[in-house]
Amino acid sequence: MSSASSRGGLLRVLGLITGLAITFGGIVSLGILRAPGEVAAQLPDPWWYMATWIAAGVFVLFSTASAAELATALPRAGAYYVYAHRSLGPFVGFVSGWTDWLNWCGATAMTIVVINEYLHLLTPAIPKYSLPLCLAIAVSFALIQWRGVKWGTGVHNAASMIKAVVFAVLIIACSVLAGGGGAESEAAALPAMPAGWALVMAFIVALRGVLYAYDGWVFTAYFSEEMANPGRTIPRSMFVGVGIVIAVYLLINIALLRMLPMSEIVGAELAVGRAVETLLGPLAETVITAFLTGFLIVGINLGYMFAARVIYAMSTDGLFFRQCRRVNRGGTPTAALVASLSVTIVFLLFSGSFVRLVEALAFFTVVNYAILFLSVFLLRRKEPDLPRPYRAWGYPWTTALTLAGAVAFLAGNIAGGTAVSLTALGVVVLSYPLYLLFRRINKRSSGSSGGTSEMQA
């Protein structure tokens, strides 16, 4: 048993393979299926199209450098919450943490609803929306997590391996079987390429869509407290994982351009699905639906793991119910998992009423990007002697570039959705009385701001 387990905390048992699976499996999701059509609609030129994916990959590498520095300097579960709390204080940390937690619970619930819809397409006997089925899915994956961190990550590792194999087959098939369809023979059908300022704006919009497809580069940081030798394992997991994703994304898009004319990619909801249709014919719809369902199932597993670790970290700092510090022998923060499952079920029960709230919580993900990059600057200045097993290469320029990008990204989200922005503001206003409440609840608890946990039998 590790030293962590002997004191009742999270188990430091995860290695490089799990870190790679979390990075690769967490990033590669529906974004790569949806983004090509959105990018081509803005930039219907193969060279500009590919330039967007390359630029986004460089931005993500710079972002990963900053995340790796923080994850190794502060190797605690919780990711964004930990950095916000340390650099900007407990209230900002609380807002970052509880919105991130609710975001994962809401996203998990919405994922389950979509899985139900896809299962209906595969088997019409299943209702389009079945609450009992959704609840069964939610509870089943929580039970997998309950068994322990090795069970939860084991499921994710296997799913990520299958996902990698599927993409490898798709890339090879599109490359080998491409019949020259990518040679644009329908130029007249394409929208005109923008020029001047319109080109700049189109590139920014396209880049935003691609960055969503790359979202997940920070996911390994949620498990910093459970990584064996975090100073070495975390940077390797992040950089190698991100590098593999960049290579896969570029190869997928090259294969698409070889397989399909640009006119068929422009605006396509699932451009990769078009390529699969070309390869498989009548079987394509079933294969694509099964493929999407598998993608989403992986998301449920990760959603529970992230959500539970965020409030586990908050509870150790006295900013959530202290019971959420409890960890079982398998390394699962069980009370935190139950709390996350409960909120996920609430979202499922009222899924139609919480759409705007879920959108507002997703907005905070962009806020957390900015907080992460700002924290690198703040901690370098406030705590220059903090041990940093990994230091972000290119600092301060790479960190400044990603911070500017995050702020611009945030501004675009604010300008693009007033209702969502107002809902997000309401969440911040609500945060303060909740913050004071948890401070009061935990004020008399001995060691409420320490880093230990209670062992649950």
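The values are calculated or read from the model by the stated rules, or taken from the named source; none is laboratory data. Source: prediction; values computed, not measured. Glycine also receives a Cβ, built like all others from the backbone with ideal geometry; neighbour counts cover every protein chain displayed. These accessible areas exclude ligands, DNA and RNA; they are computed on the full protein's heavy atoms, side chains included. Shrake-Rupley method; radii C 1.70, N 1.55, O 1.52, S 1.80 Å.
If you take just the helices (runs of 4 or more DSSP H) that sit entirely in the range 27-107, which of them hold at least 1 residues that are without any contact (Cβ under 8 Å) to a residue 24 or more places away in the chain? So that I can check it myself, show each step before the final result.
Working: elements: 30-42, 46-73, 80-88.
So the answer is 46-73.
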> For Ala71, which of the numbered conditions (1) aliphatic (A, V, I, L, M); (2) modelled with pLDDT of 95 or more; (3) over 18 Å from the mean Cα position of the chain (by Cα); (4) within 22 Å of Asn301 (Cβ to Cβ) fails to hold?
Replying inline: (3)
> Checking Gly330 against (1) farther than 14 Å from Leu70 by Cα; (2) open to solvent by 10 Å² or more (accessible area, probe 1.4 Å); (3) assigned to a helix (DSSP H, G or I), which test does it fail?
Replying inline: (3)
> When only residues in the range 102-130 that are of a type in the set (Val, Ile, Thr) and within 21 Å of the chain's Cα centre (by Cα) count, which is most open to solvent (accessible area, probe 1.4 Å)?
Replying inline: Val114
> Of the residues in the range 428-457, how many are in contact with a Ser or Thr (Cβ under 6 Å, 6 or more places away or on another chain) and either at pLDDT 60 or above or part of a helix (DSSP H, G or I) (or both)?
Replying inline: 1
> Quick one: Leu211 ticks every box in (1) without any contact (Cβ under 8 Å) to a residue 60 or more places away in the chain; (2) open to solvent by 20 Å² or more (accessible area, probe 1.4 Å); (3) in a helix (DSSP H, G or I) bar one, so which box is it?
Replying inline: (1)
>> Can you tell me how many residues within the range 218-243 are open to solvent by 10 Å² or more (accessible area, probe 1.4 Å) and under 17 Å from Val28 (Cα atoms)?
In response: 4
> With (1) farther than 15 Å from Phe295 by Cβ; (2) in contact with a Ser or Thr (Cβ under 8 Å, 6 or more places away or on another chain); (3) of a type outside the set (D, E, K, R); (4) crowded, with 19+ Cβ neighbours inside 10 Å as the list, and Leu16 as the residue in question, which single condition is left unmet?
Replying inline: (4)
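Residue by residue, here is whether (1) of a type in the set (S, T, N, Q); (2) closer than 30 Å to Pro433 by Cα; (3) out of contact with any helix residue (DSSP H, G or I) (no Cβ under 9 Å at 6 or more places or on another chain); (4) surrounded by fewer than 24 Cβ atoms within 10 Å (Cβ to Cβ) holds:
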| site | (1), (2), (3), (4) |
| --- | --- |
| Pro44 | no, no, no, yes |
| Gly78 | no, yes, no, no |
| Tyr83 | no, yes, no, no |
| Pro90 | no, yes, no, yes |
> Is the range 268-289 home to any residue that is polar (S, T, N, Q), in a helix (DSSP H, G or I), at pLDDT 80 or above and open to solvent by less than 10 Å² (accessible area, probe 1.4 Å)?
Replying inline: no
>> Being open to solvent by less than 60 Å² (accessible area, probe 1.4 Å), over 18 Å from Gly97 (Cα atoms) and assigned to a helix (DSSP H, G or I) is the filter here; which residues of the range 411-427 pass it?
In response: Ala411, Gly412, Asn413, Ala419, Val420, Ser421
>> Just to be sure I understand the filter: pairs with C-beta atoms under 6 Å, separated by 6 or more residues or on different chains, first member in the range 384-396 and charged (D, E, K, R), second member modelled with pLDDT under 95 and not in a loop (DSSP other than H, G, I, E, B). Which pairs pass?
In response: none
>> Looking at Trp146, Trp151 in this structure, which one is closer than 26 Å to Arg329 by Cβ, assigned to a helix (DSSP H, G or I), in contact with a helix residue (DSSP H, G or I) (Cβ under 7 Å, 6 or more places away or on another chain) and modelled with pLDDT under 90?
In response: Trp151
>> Go through (1) basic (Lys, Arg); (2) loosely packed, with under 12 Cβ neighbours inside 10 Å; (3) modelled with pLDDT of 85 or more for Arg388 and report which single condition fails.
In response: (2)
